[in-house]
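A.B. asks: Handing you a structure now.
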Amino acid sequence: MPEPLFILCPPRSYSSIVCGMLGQHPQCYGLPELNLFLADTIGEIWYGSTFFRSSGFHGICRTLAQLHSGEQTEEAVILAKEWITARPSWPVRRLFDHIQELVGDRILIDKSPSTLFRRDHLERLLRVYPNANILHLIRHPRGMGESLITLRKTDKSLKFFDQLVTDAQRLDPERMWRNSHEMAVALTDPLPLGQCMRVKGELMMSQLDVFLPQLCEWLGIRSDAEAIAAMMHPEDSPYARLGPANAPGGNDPNFLQDPKVDMARLARLKEPSLVGELSWRTGDGFRPKTIRLAKQLGYA
């Protein structure tokens, strides 16, 4: 079976649309947010995480409903929950391998932002899947921060941030951005050459004709016109819409409302400035260490 692809990034970093596009490749299978690396076993995740019990389970239940029952209805989600809770001693690797068996030899793609909320989450991922492909996806700290603040004001389901990050991080998107990317850089830099690809989201999304074939070649999968055309339709994914009432989420709320690739909007993407006042912190700009990291990651 192929090694999975894990997309590492904090929230609001283009991961939903990127996972959706890659997942429509004929040799891939894009997943909703599984959040499987919060602990070692299914039981520890299910019963030990308030976040998982409140909304973090939506992605895994929608996945198992789709793959076990062929549909994402309330009844299928109930069956998925029963299946999961009957296996509390299963290691997370066994559950992930079960999903792999159900989809066959396609590359599984997961983009759970919770993986970067604590160092032990990412360490667990790299320990469980030491040879997995890693896509470190980056968005400018200003763009990510403004997008997160806007979504927090409109989507009450984002209470999971309160359960997964520290008080300081919860109050300041800049710290979430910096801590997440510092962790990703520190733990992926030692990986063998070629195992991790680091990509600026703004650049990728504005040049899909360049980056999609490159990503395909990196993963060792087809990069022909037919495959690329399929990737331009993330809305065709079974997870690119709201789920049933008992598991509606599992992905970025905005993506679930409008998963299509908007080429006109993407053509207008520009990198914001690292200089100037932050909209969420009146009278203040980015900290020097945030600016240093952003420049290290390619932002001017």
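The values are calculated or read from the model by the stated rules, or taken from the named source; none is laboratory data. Keep in mind that this is a model prediction, so the values were computed, not measured. Reconstructed Cβ throughout: ideal geometry from the backbone, glycine too, with neighbour counts over all protein chains shown.
A.B. asks: Considering only the range 206-277, give the helices (runs of 4 or more DSSP H) lying wholly within it that have at least 1 residues that are in contact with an Asp or Glu (Cβ under 7 Å, 6 or more places away or on another chain).
C.D. replies: In the range 206-277, 253-257 are the helices (runs of 4 or more DSSP H) which contain 1 or more residues that are in contact with an Asp or Glu (Cβ under 7 Å, 6 or more places away or on another chain).
A.B. asks: Ok, one more. Residue check: is Pro4 at pLDDT 95 or above and touching a Phe, Trp or Tyr at 6+ places or on another chain (Cβ under 7 Å)?
C.D. replies: yes
A.B. asks: Do we find that Ile99 is under 19 Å from Ala247 (Cα atoms), β-branched (Val, Ile, Thr) and assigned to a helix (DSSP H, G or I) in this structure?
C.D. replies: It is true that Ile99 is under 19 Å from Ala247 (Cα atoms), β-branched (Val, Ile, Thr) and assigned to a helix (DSSP H, G or I).
A.B. asks: Just one of (1) loosely packed, with under 15 Cβ neighbours inside 10 Å; (2) under 18 Å from the mean Cα position of the chain (by Cα) trips up Asp110, so point out which.
C.D. replies: Of (1) loosely packed, with under 15 Cβ neighbours inside 10 Å; (2) under 18 Å from the mean Cα position of the chain (by Cα), only one is false for Asp110: (1).
A.B. asks: Next up: Working carefully through the options Gly243, Gly250, find the one that is at pLDDT 95 or above, among the small types (Gly, Ala, Ser) and either closer than 17 Å to Val18 by Cβ or surrounded by 12 or more Cβ atoms within 10 Å (Cβ to Cβ) (or both).
C.D. replies: When all the criteria are applied, what remains is Gly243.
A.B. asks: In addition: For residues in the range 75-103 being of a type in the set (D, E, K, R) and more than 24 Å from the chain's Cα centre (by Cα), which is surrounded by the most Cβ atoms within 10 Å (Cβ to Cβ)?
C.D. replies: Top of the filtered list is Arg87.
A.B. asks: List the residue pairs whose Cβ atoms are under 8 Å apart, where the first residue sits in the range 91-105 and is more than 11 Å from Ile42 (Cα to Cα), the second is of a type in the set (A, V, I, L, M, F, W, C) and part of a helix (DSSP H, G or I), and the two are 6 or more positions apart or on different chains.
C.D. replies: Filtered contacts from the range 91-105: Ile99/Leu64; Ile99/Leu67; Leu102/Leu67; Val103/Leu67.
A.B. asks: Cβ-Cβ under 7 Å, sequence separation 6+ or interchain: first residue in the range 210-228 and within 16 Å of Ile107 (Cβ to Cβ), partner surrounded by fewer than 16 Cβ atoms within 10 Å (Cβ to Cβ) and among the charged types (D, E, K, R). Which pairs?
C.D. replies: That search, which allows pairs on different chains as well, returns Ser223/Glu217.
A.B. asks: Same structure again: I'm checking my understanding of the structure. Among residues of the range 30-52 that are within 11 Å of Arg124 (Cβ to Cβ) and in a loop (DSSP other than H, G, I, E, B), which one is farthest from the chain's Cα centre (by Cα)?
C.D. replies: The selected residue is Asp40.
A.B. asks: Which condition does His121 not pass, out of (1) under 16 Å from Thr188 (Cα atoms); (2) surrounded by fewer than 16 Cβ atoms within 10 Å (Cβ to Cβ); (3) not small (Gly, Ala, Ser), if it passes all the others?
C.D. replies: Status for His121: all satisfied but (2).
A.B. asks: Can you work out which of the residues in the range 45-74 that are free of Cβ contacts under 8 Å to residues at least 12 places away in the same chain and charged (D, E, K, R) is farthest from Val128 (Cα to Cα)?
C.D. replies: Glu71
A.B. asks: Among the candidates His121, His136, which residue alone is within 30 Å of Pro272 (Cβ to Cβ), in a helix (DSSP H, G or I), modelled with pLDDT of 95 or more and not small (Gly, Ala, Ser)?
C.D. replies: His121
A.B. asks: Now a separate question. Does Asp236 meet the test of being over 18 Å from Ser13 (Cα atoms), of a type in the set (Asp, Glu) and at pLDDT 95 or above?
C.D. replies: Yes: the conditions hold for Asp236.
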